[in-house]
Amino acid sequence: MSSTFHKHQRRHGKAVSVRRRLRQVTNRPRMSVFRSLGNISVQIIDDLRGHTLASASSLEKDLRVATKGVRKTDVAKRVGALIAERARRAGVAKVAFDRGAYKYHGRIKALADAAREAGLEF
């Protein structure tokens, strides 16, 4: 087994641990973040029904065009504001923030702060 395998296993275990703690504390919809090297995406998920209520990504065409040449942290801020707007349209005001295995730092923090500023509560 390679070290890449073990790194993936640790990351997955951390994400599961964070998600388990969220479910113990609250039954709000979960705002789950995925961060890749170049992009960031977020979705609001109702775990009780297993449905995605709203989503936003830096890969969306209109956002991709508007953020060409912009820092990744600033793109995350725009995605955070966009998900808050879409959540409001879907009737969601309060969510539980699922950062996955990522540290609450950098792009993850920028996305969360922008979503809070736009009116999403978590």
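What follows is calculated from the coordinates using simple rules that are stated; it is not laboratory data. What you see is a predicted model; the values in this text were computed from it and never measured. Here the Cβ is made from the backbone with ideal geometry for all residues, glycine too, and neighbour counts use every protein chain on show.
Using the Cβ-Cβ distance between His8 and Lys68 with R0 set to 35 Å, the FRET efficiency from 1/(1 + (r/R0)^6) comes to roughly 0.65. The ellipsoid that matches the Cα gyration tensor of the chain has semi-axes, each √(5λ) in whole angstrom, of 23, 20, 12, with the longest given first. Report note on the peptides 24-33, 44-53: ranked by the mean count of other C-beta atoms within 10 Å, highest first, their order is 24-33, 44-53. Listed values for segment 76-82 are Karplus-derived 3J(HN,Hα) couplings in whole Hz (6.51 cos²θ - 1.76 cosθ + 1.60, θ = phi - 60°), namely 4, 4, 5, 5, x, 5, 5, and x replaces Gly and Pro. Computed over the chain, the per-residue total of -39500 (n - 2.57) for DSSP H runs of n ≥ 4 gives a 222 nm mean residue ellipticity of -15500 deg cm²/dmol, rounded to 500.
Each of Ala114, Gly91, His8 was placed along the dipole of the chain (beta-carbon charges, centred on the mean Cα), and the one lying farthest toward the positive end is His8. Counting other Cβ atoms within 10 Å as a rough exposure proxy, the listed residues Glu121, Glu60 run Glu121, Glu60 from fewest neighbours to most. Highest-first packing order for the peptide set 12-23, 93-104 is 93-104, 12-23, based on the mean count of other beta carbon atoms within 10 Å.
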